[in-house]
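S.K.: Sharing a structure below in structure tokens format, with a few things to ask.
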Amino acid sequence: MSTGNGDHSAPGQTSPSTPATPETSKSMFSSLKIRNYRLFAMGQLVSNTGTWMQRIAQDWLVLSLTGSASAVGITIALQFLPMLLFGLYGGVLADRLPKRPLLVATQSAMGLTGIALAVLTLTGHVQVWHVYLTAVLLGLVTVVDNPARQSFVSEMVGPAQLANAVSLNSANFQSARLVGPAVAGVLITAFGSGWAFLLNGLSFLAPVTGLLLMRTHELQRTAPRPRTKGQLREGLRYVSRRPELIWPIVLVGFIGTFGFNFPIWLAAFADDVFHGDAGTYGLFNTLLAVGSLIGALLAARRGPGRLRLLVAAAVAFAVLEVAGAFAPGFWLFAALMVPIGMFGLTVNVVANSSVQMATDPEMRGRVMALYMMVFTGGTPVGAPLVGWVTDHYGARIGMAAGGAVSLAAAVAIGLVLARVGDLHLQVSRRGVTFVPNRPQRELVRVA
């Protein structure tokens, strides 16, 4: 992590003041030895399980009410539209306000949205516009919650454990993804979507309790930034001057916009291609989560990743997504969800930890807001477009198109990074790699 102006920080590097230790580089669960992070992780595991239950229930409810993949895409777009419109302002607030009380407020508000949707569904009054409205409200809260939660991780664990904690956060999220869809599929089939929404709302009691139980004197808090003019422009200038920040953000933007539309594709494959039910949809999501969990645990074991790994994982993810789109049988399609999830999660973890470690602490809220805005804020553009293609040309063409755009972006940005880092392509028995033209001139550390 850079402690200066960031000019010499790059993914995969360690600050001289925070040398890597054997524990940092080798222990897969080293961050959990920190009490505050352990409380945070336990609370997030519970609420993430509820969140995945609501995601499955919400997508299936919209599909049941409308019979349209485009409507599912619109719901997803509305949930992420606030991030696209206001995401950078959320980062300014995250840098300006104390993060722990801010997260108590946002997590409580997110729980209330789940309870509201549960009441509407269980009383039989739910309509599709209710789901749309709830998605927008949840998105507005997420605008502040995401950058605050992402940057709060460094306050809990410090720079030496940051990469490990980011990976474990993803493993936490994907572990919940193993349980949430399966439970949601059973609940929806047996009792309806309303109970999944209710359990999600109540699940936010866990992270709020964990935040309140933390020992504040053990936090490595960054002093909140005073309110001044130009903080938003300052954050954008900061990123624009650093290739090690801007190109990973651009890459995850393309993949997040076009390659991560699984709620649309998996719902369409479950319903239209394989003629299944909510349980089939839950199974696909569970298998995707298995791969994602494997990817997260490997990332936690590996430590900080470099940009070369990011590009390679993005290419593998996109190729597998295209292959999955044309899988002829149910079980082959289902099996491909595992490696797709693994490489997709690797892209996210490596990009996230690389960007955080290359960012100065006082800028982290704004930089992570930009990261999340690009990664998830592109969904309002991508989801309706992908939903329209899926409705008109079928699930296979829709998923293949998303994978093809992701592949083109990964290859193009890989070539840009190679040029910026003064690298050239080398083909050998070991595979295709980028190697330095002049080893002493490493402008961006991608080797």
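The values are calculated or read from the model by the stated rules, or taken from the named source; none is laboratory data. Fair warning: this is a prediction, and the values are worked out from it, not measured in the lab. Cβ sites come from the backbone with ideal geometry, for glycine too, and all protein chains shown count toward neighbours. The area values use the complete protein model at the heavy-atom level, side chains included, leaving out ligands, DNA and RNA. Shrake-Rupley method; radii C 1.70, N 1.55, O 1.52, S 1.80 Å.
S.K.: Could you give each residue of region 142-151 its phi-based ³J(HN,Hα) in whole Hz, using Karplus coefficients 6.51, -1.76, 1.60 with θ = phi - 60°, and x for Gly or Pro?
M.R.: 5, 3, 8, 5, 4, x, 5, 5, 5, 6
S.K.: While we're here: Counting only protein chains, not ligands or nucleic acids, how are Ile413, Ile397 ordered by accessible area (probe 1.4 Å), most first?
M.R.: If we order Ile413, Ile397 from most to least accessible, we get Ile397, Ile413.
S.K.: Expected output is a single nm value to one decimal: the length gained when fully extending between Leu112 and Tyr393, i.e. 0.36 nm times separation in residues minus the C-alpha distance. What is it?
M.R.: 97.4 nm is the gain from fully extending Leu112 to Tyr393.
S.K.: Still on this structure, I have one more. Within 10 Å of each candidate Cβ there may be at most 16 other Cβ atoms; applying that plus a DSSP loop requirement, which chymotrypsin sites (Phe, Trp or Tyr not before Pro) in region 171-201 survive?
M.R.: For chymotrypsin sites (Phe, Trp or Tyr not before Pro) across region 171-201 that sit outside H, G, I, E and B with at most 16 neighbouring Cβ atoms in 10 Å, the list reads Phe191.
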